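To start, the structure under review is shown below, and the notes come after it.
The values are calculated or read from the model by the stated rules, or taken from the named source; none is laboratory data. Since we're looking at a predicted model, the values are computed, not measured. Because the Cβ atoms are built from the backbone with ideal geometry, glycine has one as well, and the counts that use them run over all protein chains shown.
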4 protein chains.
Amino acid sequence: MAGNTFGTLFRVTTFGESHGPALGAIVDGCPPGLKLSEADLQADLDRRRPGTSRHTTQRREPDQVRILSGVFEGETTGTPIGLLIENVDQRSKDYSKIAEQFRPGHADYSYRQKYGVRDYRGGGRSSARETAMRVAAGAIAKKWLSETHGVTVRGHLSQLGPIVLNDHCFDWAAVGENPFFWPCADQVAELETFMDDLRRSGDSVGAKVTVRAEGCPPGWGEPVFDRLDADIAHALMGINAVKGVEIGDGFDCVAARGTEFRDEITPEGFLSNHAGGVLGGISSGQDIVAHLALKPTSSIRLPGRSVDKQGEATEVVTTGRHDPCVGIRATPIAEAMLALTLMDHALRQRGQCGDLATDTPVIPAGDGSTPGR
Amino acid sequence: MAGNTFGTLFRVTTFGESHGPALGAIVDGCPPGLKLSEADLQADLDRRRPGTSRHTTQRREPDQVRILSGVFEGETTGTPIGLLIENVDQRSKDYSKIAEQFRPGHADYSYRQKYGVRDYRGGGRSSARETAMRVAAGAIAKKWLSETHGVTVRGHLSQLGPIVLNDHCFDWAAVGENPFFWPCADQVAELETFMDDLRRSGDSVGAKVTVRAEGCPPGWGEPVFDRLDADIAHALMGINAVKGVEIGDGFDCVAARGTEFRDEITPEGFLSNHAGGVLGGISSGQDIVAHLALKPTSSIRLPGRSVDKQGEATEVVTTGRHDPCVGIRATPIAEAMLALTLMDHALRQRGQCGDLATDTPVIPAGDGSTPGR
Amino acid sequence: MAGNTFGTLFRVTTFGESHGPALGAIVDGCPPGLKLSEADLQADLDRRRPGTSRHTTQRREPDQVRILSGVFEGETTGTPIGLLIENVDQRSKDYSKIAEQFRPGHADYSYRQKYGVRDYRGGGRSSARETAMRVAAGAIAKKWLSETHGVTVRGHLSQLGPIVLNDHCFDWAAVGENPFFWPCADQVAELETFMDDLRRSGDSVGAKVTVRAEGCPPGWGEPVFDRLDADIAHALMGINAVKGVEIGDGFDCVAARGTEFRDEITPEGFLSNHAGGVLGGISSGQDIVAHLALKPTSSIRLPGRSVDKQGEATEVVTTGRHDPCVGIRATPIAEAMLALTLMDHALRQRGQCGDLATDTPVIPAGDGSTPGR
Amino acid sequence: MAGNTFGTLFRVTTFGESHGPALGAIVDGCPPGLKLSEADLQADLDRRRPGTSRHTTQRREPDQVRILSGVFEGETTGTPIGLLIENVDQRSKDYSKIAEQFRPGHADYSYRQKYGVRDYRGGGRSSARETAMRVAAGAIAKKWLSETHGVTVRGHLSQLGPIVLNDHCFDWAAVGENPFFWPCADQVAELETFMDDLRRSGDSVGAKVTVRAEGCPPGWGEPVFDRLDADIAHALMGINAVKGVEIGDGFDCVAARGTEFRDEITPEGFLSNHAGGVLGGISSGQDIVAHLALKPTSSIRLPGRSVDKQGEATEVVTTGRHDPCVGIRATPIAEAMLALTLMDHALRQRGQCGDLATDTPVIPAGDGSTPGR
């Protein structure tokens, strides 16, 4: 497969560069009969949209999505859904320097060596702008998961640079009420001060995002290569700037003992959820929990050493409009990727096994599934 | 795609259960003209093989692989390579209890809910025994990568339960000389004591493995969903018991600043390798570095609470021959999965871009690529 | 895979309904460095365009294609190429009857049973309008094949209803000079009379199209399921209204003897080309020749018996603007599908085998490759 | 995808050369809970088996298949089914001449140019022996189609060289009672005489096979590239020696009129089946009918002109054990390929659309579906 398609049965293919005329996607394999309008996609697009607070890039893009096919009289028809977002604010500027240099931490050099040519305007295809189409497609998956299976996919920031989420004040309702997708209102002032200082310093910082799917039935996934957790890792590591992915307790499992880590079960439900909702590559019915680490933005105005296309030493200073922490706007993207993965596996499960009814009782998700790691 | 195939151009499909008659694989898409014999595969199979030290499972399997097709007069022909390993030591025992119970931390329950039926003998398809075929296939990829591109893929344990690798005594030569794939000879006595105590306690423990590919040219990978790092994450998270994957510095990037994390470049080479050899989803020519976290074995003889097929409370005690730390034998498996991913992307790159020659000088990997994180 | 993507390495995904706002495609996997402009695509689109003669549908669509991504400074960049054609002449009419009936010979009933819903306006997704995007994508493949390998892909009508091509007056130059893609100028008057009579009668007729690729190197294809001829058959049978596909002599092979059918070889070249340029699923270096049969248009104004959504008997009369012979405009579509197939296999061959240089001399295509069956 | 895998959700991957130690396959994606034993596969393997009459190759292969995984306690488990057939009668002979020559009509030259190397013993991978695994896998699909949907897949020879099936004496029961899979007992003597003469002459002849699926529900297939008929064409053209594929009336549609060809419908059912059971790429509920043309065997003992590896003129005489008409044994292979295609689309349909229940009545298949073209 070429690298711009995601999924097996529910398939999303995207195109578009940061400073080209438009971004687009084709969502193929969507079940028919799902009520769908542009407004359903716009809500999540607006959450990801640049320029909504002083803590993110000041590029102004309305990110207004159009549905060009696959929906008729308000319902999906089962044929491919064409999506389009026109780029509006591709501020024209002088790219001659960027064209010649390889910015450290960027895809400039690796694209050059892969393709020989590159669209250097605003990062071209490597720009995070590409993720808008993932969010639009993910909104379809979220809606289908919710309406057909009662699954909720949502996420939040769980670390911003050195500031770690205080689990004790965890509140999903807080996430939508601050520009950081932060689930603890008490920490927001601290985050704002931190980000204001950071912006003034010209530097950038990393972040950690947590995403969760609640209500997944057991049985989604595959046993070997395409394990549900492997496909989630593929989905999340495929987001720009991500350097690590954990399922459930993730790296904390290394120092753990089997007696504590295996999630014991009673007739009332699982007693813990260290596994993050996946056993043997297949959903267990507990909450699916994943964490991702996003590196600090490489585009900063503090000078850095690099080389140019001739291999000569040069100094790079990145001006322009950039997120000082790309992780902040990553929450809706991570939600979208998780939703796309789950919906694809839901269809795969239905394809291979049908609506299999076992006589084994479903084990309740149990108390182990409390948010906040 | 069904879940038992890995790769796009270089494709590995496996079959086999822990206690069935045999394990097998078909390796499709291998370039013709590679010299290949069963001995090439056996070396890595022997490294993964059970029963070689008191610290791993005592199941005795020779894991002797046969090549059934695709090789003629000592060379690959470009047609599919059929591989077969007969199971020898499927010790017969009473499975009636396992058939009825869902062992905590195991795939028993999730398989049951997915398929309705399951081969419960020794975990069936969910057994780590399945990974033998990955190692065999990975050995083909390793050989091709080495002979055609000079790429070396190798790995080591970097944490065993609470014991962290001491970077200062890092030595690749040590890895093959202890049963732990540990690259520091000075720590081996400590590991042995720890494992002896652990085994006596009946408990199990997690581990961290690090894998590295040295000598990769820049330009392998894809920009969006199938980024090289995303596919590596898919490959490594698809190994039994893995709960986390990091590329380069991984989760350490969260608290890092852009000024320190972006790997600066001079004409003499990169100055660091926080990114782990991948920029924008495409290899940069630096060492590709990944870490994986493996959970403690769930199969332990200390009793745990669970339910049976009727949903009634039961107590589970897992006897039999199990690795008290599944992470130990995971090193060759992780190497194999990394090699399969790289070879697939090497062929994909050649397919799309040919043997593209840019006039841009290759940046040396630089000092940043020192092993030991 | 979902059904709206074609190809493995060079991949085309399309969307769009006959009467929706637009048609679109994403062409993924295109090699970088190919000079490409909208004009390159427009030429073939204009050949397929409706409304250019009285013998085809009178729908007036400019079919103006826009390239939205993947091309920078006049060259492909290796990232996905987004294509868009706005629908202009979706004449509004009363669809209430079509919505309720299943037109015989149409996809109305099968779509209904597959999806439960359908976009009945102008046939929706089942309209041949969808093929415009194939032609646009095929033009990219044609250009690449020509520039990198000197391959020419072209086609012509070889039978129109009862009128069979006279091989003796075969002339490629004639094809572009009549509205029938007919390679014999002497027969054009006969075709015009036939079509005028047919149009007046209200009936429709089938056609046969022949496509050829000249200059293909030997070695493209796969030995088993994805044989080059199997993939060509998939490509051509996937065009609306096609009911049969032949490679080389096709069904004439049934009554042939091995002594005559096997294409003998001399150092000067092959002595015949009954096989149509494919041996064992792999190109032989001879011209690749395929024929396809297109059924008569089902949309005719002569009444036909059918049932409605309730299963009640009804009479169907299809008014509106339809091609009395859909086969006529199929030539550029068939060329496009052949080109897409060949380019995909060219990249697959390069991916697996690289630019393999055997020391075996290339056998000349020989005299056997004269057009006109 | 590499070329040795067939299918999207129900996937068959094969390996094996004519004179290697074994043939094998992995069947991935099979639904769990299907009762399956080796005997279920053996019946069709025995129909395809060489050496059962004087009219086919005298190679003696028991073709005894072993199931190595994926079946537990007599039922499929949903995990991959490993299949193996050992080669027994690879008569050792002197291959030095075949190694140097390119036999006309064979894959020798095209393999050489593709791979640089080839296993020349008995045709290696290009031997029709590879189709044994397709038949084994197809038997699984046939059984599932029959048990879950009441679909019957069967076929027969409909032309042998110049001898055309007499429709008037069509009888399915006859097919199994003669070595030609011929559905008219009255013509068998004529066939035997023809074949005896042919064998004595040293020449070979082509054949036409017809396959049919009865009982398919409407709604299987895809609208665009992966139309059901396109995938059937891919499946059948992917069989060795096939040069043409027709759906329903096939090439007869060229000279037909729309009024006669569109299959009219009444509440009692379709009035004809010119379309062969597929409308708009999706099954209509009528019998699915396909015809395939197989070329005469190229391996004949009458000398033919060719070149050797150095491009020098040579004369080729093929001795050994060959079918004088490869089409005869092709019937079970064609059935298998049709069954694999249908089962894959059945799972795809279930994956995307679930067990959709429309309120539209199912149109009966009607009288139009009489066998014998």
| said: Whether any residue in the range B:316-326 is among the hydrophobic types (A, V, I, L, M, F, W, C), within 16 Å of the chain's Cα centre (by Cα) and either crowded, with 24+ Cβ neighbours inside 10 Å or within 9 Å of another protein chain (Cβ to nearest Cβ) (or both) is what I want to check. | reply: yes
| request: May I ask you to verify whether A:TYR115 is within 11 Å of another protein chain (Cβ to nearest Cβ), in contact (Cβ under 8 Å) with a residue 24 or more places away in the chain and either among the hydroxyl-bearing types (Ser, Thr, Tyr) or under 16 Å from A:ASP44 (Cα atoms) (or both)? | output: no
| said: I'd like the residue in the range A:1-10 that is without any contact (Cβ under 8 Å) to a residue 40 or more places away in the chain and of a type outside the set (S, T, N, Q) and, out of all such residues, is surrounded by the fewest Cβ atoms within 10 Å (Cβ to Cβ). | reply: A:MET1
| query | Given (1) farther than 24 Å from C:TYR115 by Cβ; (2) more than 10 Å from chain C (Cβ to nearest Cβ); (3) surrounded by fewer than 24 Cβ atoms within 10 Å (Cβ to Cβ), where does D:ALA313 come up short, assuming only one miss? | reply | (2)
| field | Check on B:ASP229, under 21 Å from B:LEU342 (Cβ atoms), of a type in the set (Asp, Glu), in contact (Cβ under 8 Å) with a residue 12 or more places away in the chain and in contact with a strand residue (DSSP E or B) (Cβ under 8 Å, 6 or more places away or on another chain) | value | yes
| task | Restrict the check to the range B:42-58 and report whether at least one residue is touching a strand residue (DSSP E or B) at 6+ places or on another chain (Cβ under 8 Å) and farther than 18 Å from B:ALA336 by Cα. | result | no
| note | Apart from one, (1) touching a Lys or Arg at 6+ places or on another chain (Cβ under 6 Å); (2) away from chain A (no Cβ under 14 Å); (3) part of a loop (DSSP other than H, G, I, E, B) all hold for B:VAL153; the odd one out is (3)
| Residues of the range B:232-254 satisfying the condition of being surrounded by fewer than 24 Cβ atoms within 10 Å (Cβ to Cβ) and more than 7 Å from every other protein chain (Cβ to nearest Cβ) | B:ASN240, B:ALA241, B:ASP252
| Does the range D:298-321 contain at least one residue that is closer than 22 Å to C:GLY244 by Cβ and not in a loop (DSSP other than H, G, I, E, B)? | no
| query | Looking at the range A:1-29, which of its residues are of a type in the set (A, V, I, L, M) and over 13 Å from C:PHE15 (Cβ atoms)? | reply | A:MET1, A:ALA2, A:LEU9, A:ALA22, A:LEU23
| note | In the range A:208-231, residues that are among the small types (Gly, Ala, Ser) and either under 18 Å from the mean Cα position of the chain (by Cα) or more than 8 Å from every other protein chain (Cβ to nearest Cβ) (or both) total 3
| note | Cβ pairs under 6 Å, 6+ apart or interchain, first in the range B:66-78 and more than 7 Å from chain D (Cβ to nearest Cβ) and of a type outside the set (A, V, I, L, M), second surrounded by fewer than 21 Cβ atoms within 10 Å (Cβ to Cβ) and part of a strand (DSSP E or B), ordered by first then second residue, are B:GLY74/B:LYS35
| With respect to the numbered conditions (1) of a type outside the set (S, T, N, Q); (2) at the interface with chain D (Cβ under 8 Å from one of its Cβ atoms); (3) assigned to a strand (DSSP E or B), which one is the sole condition not fulfilled by C:LEU292? | (2)
| said: Name the residue that is farthest from C:VAL164 (Cα to Cα), counting only residues in the range C:182-202 that are touching a residue at least 40 places away in the same chain (Cβ under 8 Å) and crowded, with 19+ Cβ neighbours inside 10 Å. | reply: C:LEU198
| task | Take C:VAL135 and decide whether it is modelled with pLDDT under 90 and touching a Pro at 6+ places or on another chain (Cβ under 7 Å). | result | no
| field | Matching strands (runs of 3 or more DSSP E) fully within the range A:18-136 where at least 2 residues are of a type in the set (A, V, I, L, M) and buried (at least 23 other Cβ atoms within 10 Å of the Cβ) | value | A:22-28, A:81-86
| said: If I filter the range A:81-100 for residues that are within 14 Å of chain B (Cβ to nearest Cβ) and at pLDDT below 95, do I get at least one hit? | reply: yes
| request: Being of a type in the set (D, E, K, R) and more than 8 Å from chain C (Cβ to nearest Cβ) is the filter; apply it to the range D:255-282 and report the residue that is farthest from the chain's Cα centre (by Cα). | output: D:GLU268
| query | Hey, among B:VAL205, B:VAL164, B:VAL151, which residue is under 22 Å from the mean Cα position of the chain (by Cα), buried (at least 16 other Cβ atoms within 10 Å of the Cβ) and under 23 Å from B:LYS295 (Cβ atoms)? | reply | B:VAL205
| task | Please work out which one of (1) within 16 Å of D:LEU145 (Cβ to Cβ); (2) in contact with a Lys or Arg (Cβ under 6 Å, 6 or more places away or on another chain); (3) not basic (Lys, Arg) is the condition D:LEU34 fails and give its number. | result | (2)
| Out of curiosity, is C:VAL224 touching a strand residue (DSSP E or B) at 6+ places or on another chain (Cβ under 8 Å), within 24 Å of D:THR14 (Cβ to Cβ) and crowded, with 24+ Cβ neighbours inside 10 Å? | yes
